[in-house]
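The values are calculated or read from the model by the stated rules, or taken from the named source; none is laboratory data. Predicted model only: the values in this text are computed from it and were never measured. Glycine also receives a Cβ, built like all others from the backbone with ideal geometry; neighbour counts cover every protein chain displayed.
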Amino acid sequence: MKFILGTKVNMTQVFDDKGLVHPVTVLKAGPVVVTQVKNTNTDGYNAVQVGFGNRNPKNVSKALKTKGSFMWLKEFKSDSELKVGDSIDASTFAPGDKVAVSAISKGKGFQGVVKRHGFHGGPRSHGQKHSEREPGSIGGGGRDGGRVAKGKRMAGRMGGDRITTKNLTVVSVKPETGELFIRGAIPGRRGTLVEVRG
């Protein structure tokens, strides 16, 4: 299994050999360093923990200093033969690879039901004054015993969720600059930590 950590740079477009244009997201990927290897004997499962990004050593707690001054530590399920101290860079991936990408989506703050859940809102006529984007009745009468049922879709905080997008294609790799060009959109803002698994 291939995996790497990176940060989102921006979106752009690239042309292939046939002259077709592809919308791509550019990631600054790796290098990541293996900080811990877990196995079934000691931990109950196989995994590899890697560190990515640099942090000022004075801002790292004593407990984490043994792993280095990394900005992020992440774990990937894997039974590979990697050892502590090994480095993984963007050259692990090749054009045409299918990958799954996980990241935290953009936070959008407190939003109403029309934007958050796609409600239609009220009619624009027939005596409606200020209820064009209101949720309408929430149906809490007879069925729910006069209470709001759990999970009722309402206004609230939107975004800031962990999103995984599968079956994306690696269009191009630049190992010298550590850049991955992945076809399609990837969750998050510029600078968001992105997990890529192949």
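Please state which of the following conditions Asn167 fails to meet, knowing it meets all the rest: (1) on the phi < 0 side of the Ramachandran plot; (2) of a type outside the set (A, V, I, L, M); (3) not in a loop (DSSP other than H, G, I, E, B).
(1) is the only condition that Asn167 fails.
Going by the structure shown, is Arg124 more than 18 Å from the chain's Cα centre (by Cα), at pLDDT 95 or above, over 30 Å from Lys58 (Cβ atoms) and of a type outside the set (A, V, I, L, M)?
Working: more than 18 Å from the chain's Cα centre (by Cα): yes; at pLDDT 95 or above: no; over 30 Å from Lys58 (Cβ atoms): yes; of a type outside the set (A, V, I, L, M): yes.
Considered against the rule, which asks whether it is more than 18 Å from the chain's Cα centre (by Cα), at pLDDT 95 or above, over 30 Å from Lys58 (Cβ atoms) and of a type outside the set (A, V, I, L, M), Arg124 comes out as no.
Conditions tested, residue by residue: (1) touching a Leu at 6+ places or on another chain (Cβ under 8 Å); (2) within 18 Å of Gly198 (Cβ to Cβ).
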{"site": "Met11", "(1), (2)": "no, no"}
{"site": "Thr25", "(1), (2)": "no, yes"}
{"site": "Leu64", "(1), (2)": "yes, no"}
{"site": "Gly68", "(1), (2)": "no, no"}
{"site": "Asp89", "(1), (2)": "no, yes"}
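Looking at region 105-119, is at least one residue in the same structural domain as Leu180 (by TED's automatic domain parsing), within 21 Å of Arg197 (Cβ to Cβ) and not acidic (Asp, Glu)?
yes
Of the residues Ala100, Ala94, Ala90, which is of a type in the set (A, V, I, L, M, F, W, C), modelled with pLDDT of 95 or more, assigned by TED's automatic domain parsing to the domain that holds Arg189 and under 30 Å from Asp16 (Cβ atoms)?
Numbers: Ala94 fails: modelled with pLDDT of 95 or more; Ala90 fails: modelled with pLDDT of 95 or more.
Sole residue among the options that is of a type in the set (A, V, I, L, M, F, W, C), modelled with pLDDT of 95 or more, assigned by TED's automatic domain parsing to the domain that holds Arg189 and under 30 Å from Asp16 (Cβ atoms): Ala100.
Residues are listed down the side, and each one gets a yes or a no for (1) farther than 24 Å from Thr177 by Cβ; (2) in contact (Cβ under 8 Å) with a residue 40 or more places away in the chain:
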{"site": "Asn10", "(1), (2)": "no, yes"}
{"site": "Val14", "(1), (2)": "no, yes"}
{"site": "Val21", "(1), (2)": "no, no"}
{"site": "Val37", "(1), (2)": "yes, yes"}
{"site": "Gly44", "(1), (2)": "yes, no"}
{"site": "Ser61", "(1), (2)": "yes, no"}
{"site": "Lys67", "(1), (2)": "yes, no"}
{"site": "Lys83", "(1), (2)": "yes, yes"}
{"site": "Val114", "(1), (2)": "yes, no"}
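Among the numbered criteria (1) touching a residue at least 40 places away in the same chain (Cβ under 8 Å); (2) of a type outside the set (Asp, Glu); (3) surrounded by fewer than 12 Cβ atoms within 10 Å (Cβ to Cβ), which one does His126 miss?
The number of the failed condition is (1).
In the set Phe181, Phe119, which member is among the aromatic types (Phe, Trp, Tyr) and within 16 Å of the chain's Cα centre (by Cα)? So that I can check it myself, show each step before the final result.
Numbers: Phe119 fails: within 16 Å of the chain's Cα centre (by Cα).
The conditions single out Phe181.
If the requirement is being more than 25 Å from Val9 (Cβ to Cβ), modelled with pLDDT of 90 or more and touching a strand residue (DSSP E or B) at 6+ places or on another chain (Cβ under 9 Å), which of these qualifies: Lys38, Lys67, Lys74?
On the way: Lys67 fails: modelled with pLDDT of 90 or more; Lys74 fails: more than 25 Å from Val9 (Cβ to Cβ).
Step by step, each of Lys38, Lys67, Lys74 is checked, and only Lys38 is more than 25 Å from Val9 (Cβ to Cβ), modelled with pLDDT of 90 or more and touching a strand residue (DSSP E or B) at 6+ places or on another chain (Cβ under 9 Å).
Being of a type outside the set (A, V, I, L, M), surrounded by 11 or more Cβ atoms within 10 Å (Cβ to Cβ) and outside the structural domain of Ser102 (by TED's automatic domain parsing) narrows it down to one of Arg147, Arg153, so name that one. So that I can check it myself, show each step before the final result.
Working: Arg147 fails: surrounded by 11 or more Cβ atoms within 10 Å (Cβ to Cβ).
None of the other options fit; the residue is Arg153.
In the list Thr12, Thr42, which residue meets the criterion of being loosely packed, with under 11 Cβ neighbours inside 10 Å and β-branched (Val, Ile, Thr)?
Values: Thr12 fails: loosely packed, with under 11 Cβ neighbours inside 10 Å.
So the residue among Thr12, Thr42 that is loosely packed, with under 11 Cβ neighbours inside 10 Å and β-branched (Val, Ile, Thr) is Thr42.
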